[in-house]
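The values are calculated or read from the model by the stated rules, or taken from the named source; none is laboratory data. A quick note: this is a predicted structure, and the numbers were derived from the prediction, not measured. Here the Cβ is made from the backbone with ideal geometry for all residues, glycine too, and neighbour counts use every protein chain on show. Only protein heavy atoms, including side chains, enter the accessible area calculation; ligands, DNA and RNA are left aside. Shrake-Rupley method; radii C 1.70, N 1.55, O 1.52, S 1.80 Å.
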Amino acid sequence: MSWIDLRSDTVTRPTPAMRRAMAEAEVGDDVYGEDPTVNRLEERAAELLGKQAALFVPTGSMGNLIAVKLHTRPGAEIVVEERSHIFNYEMASAAAIAGVICRPVKGDEGLLSWEMVRAAIRHGGPYYVTPTALVALENSHNMAGGAVLPIAAAEEICAGARALGLPVHLDGARIFNAAIALGVDAADVARPFDSVMFCLSKGLGAPTGSLLVGDRDFIVEARNWRKRLGGGMRQVGVLAAPGLVALEESIHRLHEDHENARRLASGLAQLHGVEIDPEKVQTNIVIFDVEATGLTSAEWSAEFKARGILANGISASLMRMVTHYDVDKNGVERALAAAREIVER
Ligand code: TLP
């Protein structure tokens, strides 16, 4: 059976061009700053995001952790959206390694406003203990169905936070998806933020790697923290090379994933007991509620799997499907046909 894998856009495999680039990559010892391919990737990432400098990190989680660590001191709090990746999926690294706690705030369908953030900011003092040190946003917002935060809202939050002396980090794992949905450049999405992390290994299709971008001094310190976390990676040009291909080629086809996600959502919305508003699908993530079908998400996953479709539940009643370049229109139709069978079983 040929599988249609909609569990995540992390499952994408390197393209032939990426594999060639890996084989041919010029390399050196990156801990000495001598890997020319890594250096080119970092320069290109900074340029695309409109920041001074960038650091290649093995994962998005490490990029977020380094940012949290650098913007805070132990004993502080960071304001995040309640479904954010930093709060839910990073093994509490903010607490375990940076020594801060997350103050989760419920956004409107995942999207925070300055009013919501401001209400969660705390100034410390003998009773009102933990002071806020950082605000961290996510765009697109993975577990809010790939929702996109408009530029004006991001600007307002960043300006408000800055006026209170607080930096703002962006978990931009899928910043290029957000930029396409907004019809702007990634640099426009990144502009108001002090630091941004984005991933090469999601819809862009590179086998691994993320970039942390920000001011030059911030990135110098970030490099020290990457080393401290065991992330001095030596001849890692073989991994940076597919990242360069991703930045040249993959960005230009992400809109296809968004079209496929909308097609998927519209088809699912027709099915009895499946709840989703296709109008709200802005990028490549489709989250739908299956409670009214009488099956749990685990049962849906099993039923899908029996029909060659891979998709995970993200709660007892919510399923997530993520489109990417290994799933074409036919794959979407196969997933919809399977969903139809499950509902009509
Ligand atoms: N997301 C993964 C899972 O961890 C949930 C996925 O399948 O979507 N920020 C965001 C918004 C992410 O979605 C992810 C990964 C990360 C950070 C972490 O990236 P990695 O996996 O490279 O550490």
Next on the checklist: Let me spell it out: the conditions are (1) surrounded by fewer than 18 Cβ atoms within 10 Å (Cβ to Cβ); (2) within 16 Å of the ligand (Cβ to nearest atom); (3) more than 27 Å from residue 187 (Cα to Cα), and residue 59 meets all of them except one. Which number is the exception?
Outcome noted: (3)
Item to check | Residue among 336, 254, 239 that alone is touching a helix residue (DSSP H, G or I) at 6+ places or on another chain (Cβ under 6 Å) and within 30 Å of residue 40 (Cα to Cα) | outcome: 254
Checklist entry - Does at least one position in region 97-106 carry a residue that is open to solvent by less than 50 Å² (accessible area, probe 1.4 Å), away from the ligand (no atom under 14 Å from the Cβ) and at positive phi? => result yes
Checklist outcome for this item: Looking across region 64-96 at residues that are touching a residue at least 40 places away in the same chain (Cβ under 8 Å) and of a type in the set (Gly, Ala, Ser), the single one that is most open to solvent (accessible area, probe 1.4 Å) is 75
Checklist entry - residue 198 is checked against (1) of a type outside the set (A, V, I, L, M); (2) crowded, with 24+ Cβ neighbours inside 10 Å; (3) over 14 Å from residue 53 (Cα atoms) and fails just one. What number does that condition carry? => result (3)
Next on the checklist: So if I check each of 180, 151, which one is under 16 Å from the mean Cα position of the chain (by Cα) and open to solvent by 20 Å² or more (accessible area, probe 1.4 Å)?
Outcome noted: 180
Checklist entry - Identify, please: which residue in region 121-148 is open to solvent by 20 Å² or more (accessible area, probe 1.4 Å) and among the hydroxyl-bearing types (Ser, Thr, Tyr) and is, among those, modelled with the highest pLDDT? => result 130
Checklist entry - Tally time: how many residues in region 116-148 are within 22 Å of the chain's Cα centre (by Cα) and among the polar types (S, T, N, Q)? => result 3
Checklist entry - Looking at (1) open to solvent by 80 Å² or more (accessible area, probe 1.4 Å); (2) within 16 Å of the ligand (Cβ to nearest atom); (3) basic (Lys, Arg), which is the only condition residue 118 fails? => result (2)
Checklist entry - From the list 285, 276, which one is in contact with a Gly (Cβ under 8 Å, 6 or more places away or on another chain) and at pLDDT 95 or above? => result 285
Next on the checklist: Of everything in region 315-332, what is loosely packed, with under 15 Cβ neighbours inside 10 Å and touching a residue at least 40 places away in the same chain (Cβ under 8 Å)? Give them in sequence order.
Outcome noted: 328, 329
Checklist entry - What residue, among those in region 224-234 that are part of a helix (DSSP H, G or I) and open to solvent by less than 80 Å² (accessible area, probe 1.4 Å), is farthest from residue 62 (Cα to Cα)? => result 224
Next on the checklist: So, in region 154-177, exactly how many residues are β-branched (Val, Ile, Thr) and either open to solvent by 40 Å² or more (accessible area, probe 1.4 Å) or within 15 Å of the ligand (Cβ to nearest atom) (or both)?
Outcome noted: 1
